[in-house]
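See structure below.
Throughout, read-outs are computed from the coordinates displayed, never taken from laboratory work. Note that this is a predicted model, so its numbers are computed, not measured. Positions of Cβ are backbone-derived with ideal geometry, glycine not excepted, and every protein chain shown enters the neighbour counts.
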Amino acid sequence: MLEIEYEFREQDLVHFNELRLADNLEMQKKIRQNRLLVPGVMLVFGLFYYVYYVDMMTTAYITLLALGWGIASPFIMKIDMRRQFFNKYTEAEKKAMFGIHSLTIEPEYLQEKSPGGKHKTPWSEMLRVEKHKDYVYIYVAIDAAIVIPRETVKKGDLKAFAKQVESMIDRLG
């Protein structure tokens, strides 16, 4: 019966959601379109101003604005997406989510003790384990996972724990 204890923080939630967005091809397409289409339209207006009014100063302002938009828009969209992540949750949900978590491998389920209470997830409901440089993800749904940050593990061997969870999912999942 392996057990680990770790702290789950706001930045870990943000990291997981950004990872999901990075894999979302449709959202990446929209970001690229916004980054290229809006400045492209602005540059067309700038060219129109230059050709029709021969106004180099206005054309220069529009061009600088278009370049600024192309450079700054991904950062602005990232900040807005982070705000949207946190708006999904109430204050009570955030209190129940963030803090010290304890995971215990049981023969029929994975038991989680968190500030929100105890949860038992049967192995048959788990999908997979993904190991990344700074995190281990135990997916319980296509878009939901138990996120374990490597740097905040306080008790237990994360590598052995993840390997055991993987074998339990393969055997009983």
Would you tally the residues in region 26-72 being out of contact with any helix residue (DSSP H, G or I) (no Cβ under 7 Å at 6 or more places or on another chain) and not in a helix (DSSP H, G or I)? 1
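Considering 31, 4, which residue is aliphatic (A, V, I, L, M), farther than 30 Å from residue 159 by Cβ and more than 14 Å from the chain's Cα centre (by Cα)?
That would be 31, the only listed residue that is aliphatic (A, V, I, L, M), farther than 30 Å from residue 159 by Cβ and more than 14 Å from the chain's Cα centre (by Cα).
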Those residues of region 88-137 which are under 16 Å from residue 161 (Cα atoms) and part of a helix (DSSP H, G or I) amount to 123
Matching residues, region 138-171, being free of Cβ contacts under 8 Å to residues at least 60 places away in the same chain and not in a strand (DSSP E or B): 142, 150, 151, 159, 162, 163, 166, 167, 169, 170, 171
Please work out if residue 157 is among the charged types (D, E, K, R), within 19 Å of the chain's Cα centre (by Cα) and closer than 23 Å to residue 11 by Cα. no
